[in-house]
Amino acid sequence: MWGDADTRWVPVGEVGEVRMGKQLSPSSRSAGEQYPYLRVANVLDGYIDYSDVKTMGFSSAEREVYGLAPGDVLLNEGQSLELVGRSAIYDGAAREFCFQNTLVRFRPGSKVLSKYAQAVFKWWLTAGVFAEIAKKTTSIAHLGGDRFARLPFPLIPLERQRYIVEALDAVTESERVAQAAIVKLRAIESGALPSLMALQRVGDPQSVDRDYVACREIFSLTGGFPLSKARPNSAGKYPIYGSSGFAGRGDRVLTGRPTIVIGRVGEGGVGSVRYVAEPAWVTDNALWVECIEAGWDPEFVAIYLSWCDLRKLRSQTGQPLITQGAIANVRIPRMSLEEQGRVIQVAQAWGEQRILQENELAKLRILKQALADDLLSGNVRVNKSA
């Protein structure tokens, strides 16, 4: 058994190299030797997204300094307060990528495993350690290479590090399986909708040439109200529907009728659609839609608009938000209420399966965090023979 005597608290900078990346400048954009570099947008929670990589100038000497090696841990240096310190392990080829000064690189020494170090950093992120030491300027928090390097790191024997990594990896693999199932179910939902509606397909005699109608002809679209106008309501609070995952509580009743709510700003909630069957208060980050023509089930309309992926409207117009005018132009196929009901029934069945998987994924993430808390805090003793 390993006990507390096996844990030494050592500054991060003594168990590995801590380095800030290269600052982006006008001269680096026009330098002759352009090489790909990673930035905050590439370093997500536990993995690196290589799909959108930019380039800037790095000399041969700079590539020696800022070039990444497999096993390097990258942390967000400049981010929102709750995300500063988010980390991932670089798994590309040696010196294929460099990194910008919006990131901090931790290169583990011989006494630390990369995966163990990243598990500790993830633990610190969740516990608010990084938020506590970060320096906030305007809306951006900065981790600071020096402040990060001074944090006390729980250095334990390599054998114990491997055990912790293996235990956390086992849960991570279950997370990947659950996440893949969710992605598959979403793809099936998206692909099944055209068939359910029998939409027109070239050369397919079974499809139906449906009549389409613009949203403006059958719906009223109204912007929400600023949160600052909320007032206490003795009758109780109502759900707030905005753009950030439609979360929170509000106290202003917008409507008691079934309503469609569309988030239209931000990155997470933009384009999300909710069918609301209860009184709700809608923020100015969203639109609420009501049918002005008979023969439409609002739940069907919400399903169809979700399938349309309204996020595309923002990219097409170049606007930072989805405008009422853009949504008003979306065309919806006319279907009988019976046909709409069949679409709703099937979509709900797929949705229930997806929700089960999402709940399973949420449970796994809670389990993983609890396991990390126990293992990394030393609350659970690790047997060498395990």
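Exactly one condition in (1) in contact with a helix residue (DSSP H, G or I) (Cβ under 9 Å, 6 or more places away or on another chain); (2) open to solvent by 80 Å² or more (accessible area, probe 1.4 Å); (3) more than 19 Å from Gln179 (Cα to Cα) is not met by Glu338; state its number.
That leaves (1) as the condition not met.
Asn379 versus (1) at pLDDT below 70; (2) under 30 Å from Pro152 (Cα atoms); (3) part of a helix (DSSP H, G or I); (4) not hydrophobic (A, V, I, L, M, F, W, C): which is the lone unmet condition?
Status for Asn379: all satisfied but (3).
Inspect all residues belonging to the stretch 187-195 and state whether any of them is without any contact (Cβ under 8 Å) to a residue 24 or more places away in the chain, of a type in the set (Asp, Glu), more than 24 Å from Glu17 (Cα to Cα) and open to solvent by 30 Å² or more (accessible area, probe 1.4 Å).
Among the residues of the stretch 187-195, not one is without any contact (Cβ under 8 Å) to a residue 24 or more places away in the chain, of a type in the set (Asp, Glu), more than 24 Å from Glu17 (Cα to Cα) and open to solvent by 30 Å² or more (accessible area, probe 1.4 Å), which makes the answer no.
Considering every residue within the stretch 104-125, establish whether at least one is more than 27 Å from Val65 (Cα to Cα) and open to solvent by 20 Å² or more (accessible area, probe 1.4 Å).
Yes, some residue in the stretch 104-125 is more than 27 Å from Val65 (Cα to Cα) and open to solvent by 20 Å² or more (accessible area, probe 1.4 Å).
Residues that are at pLDDT 90 or above: list the strands (runs of 3 or more DSSP E) wholly contained in the stretch 138-226 that include at least 2 such residues.
On the way: elements: 140-142, 152-155, 212-214, 219-223.
It comes to 152-155.
How many residues are out of contact with any Ser or Thr (no Cβ under 6 Å at 6 or more places or on another chain) and modelled with pLDDT of 65 or more if we restrict to the stretch 308-327?
First pass over the stretch 308-327, keeping only residues out of contact with any Ser or Thr (no Cβ under 6 Å at 6 or more places or on another chain): 308-325, 327.
Narrowing the set further to residues that are modelled with pLDDT of 65 or more leaves 308-313, 321-325, 327.
Of the residues in that region, 12 qualify.
For the stretch 88-137, which positions are basic (Lys, Arg) and in a helix (DSSP H, G or I)?
Looking only at the stretch 88-137, we keep the residues that are basic (Lys, Arg), and these are 95, 105, 107, 111, 115, 122, 135-136.
Once the filter is applied, which keeps residues that are basic (Lys, Arg) and in a helix (DSSP H, G or I), the stretch 88-137 yields Lys115, Lys122.
Would you be able to say whether some residue in the stretch 19-41 is open to solvent by less than 30 Å² (accessible area, probe 1.4 Å), closer than 20 Å to Phe153 by Cβ, out of contact with any helix residue (DSSP H, G or I) (no Cβ under 6 Å at 6 or more places or on another chain) and of a type in the set (A, V, I, L, M, F, W, C)?
no
The values are calculated or read from the model by the stated rules, or taken from the named source; none is laboratory data. Just so it is clear, the structure is predicted and the values come from calculations on it, not from any experiment. So basically every Cβ, Gly included, is an ideal-geometry build from the backbone, and we count neighbours across all protein chains shown. When the accessible area is computed, the model is the full protein with side chains, heavy atoms only, and any ligands, DNA or RNA have been set aside. Shrake-Rupley method; radii C 1.70, N 1.55, O 1.52, S 1.80 Å.
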